[in-house]
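K.L.:
Quick one: the structure is below, questions incoming.
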């Protein structure tokens, strides 16, 4: 009786070990790419809401000043009124794994859309190793920058 060639248990374990060694780094890289993309998406979304507040204030929508402020570690709101008495118009959430680093509030003057100064809002990953800034200058121009 002839026996057919087959894999031994040791050969099978070696193949599984090689696959694991190759797969683990790719999972780590994929996770880092996902977190970095979440940071970029959160910063761009925040910048879009800030630009909307700037346009609303400049155009005099509802005859109110407009602004954006953080509401917790990973929420922010579009607001109208003034820095003392305001009302929430819309609520937004940062991507999972992203949080604010420090204060985050900006107001635009009714009619001109200008701010009282330059503002920098920092977003970071939960581990704190990656940071992006959403900057607003006095004229209301919004830019997104790394680190």
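K.L.:
Hey, could you check region 104-130 for residues that are free of Cβ contacts under 8 Å to residues at least 40 places away in the same chain and outside any loop (DSSP other than H, G, I, E, B) and say which is nearest to residue 49 (Cα to Cα)?
P.N.:
Among them, the one singled out is 105.
K.L.:
Within region 85-103, how many residues turn out to be outside any strand (DSSP E or B), touching a residue at least 40 places away in the same chain (Cβ under 8 Å) and closer than 19 Å to residue 142 by Cβ?
P.N.:
Looking only at that region, the number is 2.
K.L.:
Collect the residues in region 69-84 that are outside any loop (DSSP other than H, G, I, E, B) and over 21 Å from residue 125 (Cβ atoms), keeping them in residue-number order. Full working, then the answer.
P.N.:
So in region 69-84, the residues outside any loop (DSSP other than H, G, I, E, B) come out as 69-70, 75-81.
Result: 69, 77, 78, 79, 80, 81.
K.L.:
Would you say residue 36 is more than 18 Å from residue 140 (Cβ to Cβ), outside any helix (DSSP H, G or I) and in contact (Cβ under 8 Å) with a residue 12 or more places away in the chain?
P.N.:
Answer is no for this residue.
K.L.:
Ok, one more. Scanning for something under 24 Å from the mean Cα position of the chain (by Cα) and either outside any helix (DSSP H, G or I) or exposed (fewer than 10 other Cβ atoms within 10 Å of the Cβ) (or both), does region 17-27 turn up at least one residue?
P.N.:
Yes, region 17-27 contains a residue that is under 24 Å from the mean Cα position of the chain (by Cα) and either outside any helix (DSSP H, G or I) or exposed (fewer than 10 other Cβ atoms within 10 Å of the Cβ) (or both).
K.L.:
Residues 26, 45: which one is under 30 Å from residue 144 (Cα atoms) and at pLDDT below 90?
P.N.:
Values: 45 fails: at pLDDT below 90.
The conditions single out 26.
K.L.:
What number of residues within region 91-119 satisfy the criterion of being in contact with a strand residue (DSSP E or B) (Cβ under 9 Å, 6 or more places away or on another chain) and surrounded by 13 or more Cβ atoms within 10 Å (Cβ to Cβ)?
P.N.:
The number of residues fulfilling the criteria is 19.
K.L.:
Keeping to region 120-141, report how many residues are under 26 Å from residue 65 (Cβ atoms) and crowded, with 20+ Cβ neighbours inside 10 Å.
P.N.:
5
K.L.:
Take residue 67 and decide whether it is more than 15 Å from residue 141 (Cβ to Cβ), surrounded by 15 or more Cβ atoms within 10 Å (Cβ to Cβ), in contact (Cβ under 8 Å) with a residue 60 or more places away in the chain and touching a helix residue (DSSP H, G or I) at 6+ places or on another chain (Cβ under 8 Å).
P.N.:
No.
K.L.:
When you check residue 89 against the structure, is it modelled with pLDDT of 95 or more and either closer than 21 Å to residue 57 by Cα or more than 14 Å from the chain's Cα centre (by Cα) (or both), yes or no?
P.N.:
yes
The values are calculated or read from the model by the stated rules, or taken from the named source; none is laboratory data. Computed from a prediction, not measured in an experiment: that's the story for all the values here. A quick note on method: Cβ atoms are made from the backbone with ideal geometry, for glycine too, and the neighbour counts reach across all protein chains shown.
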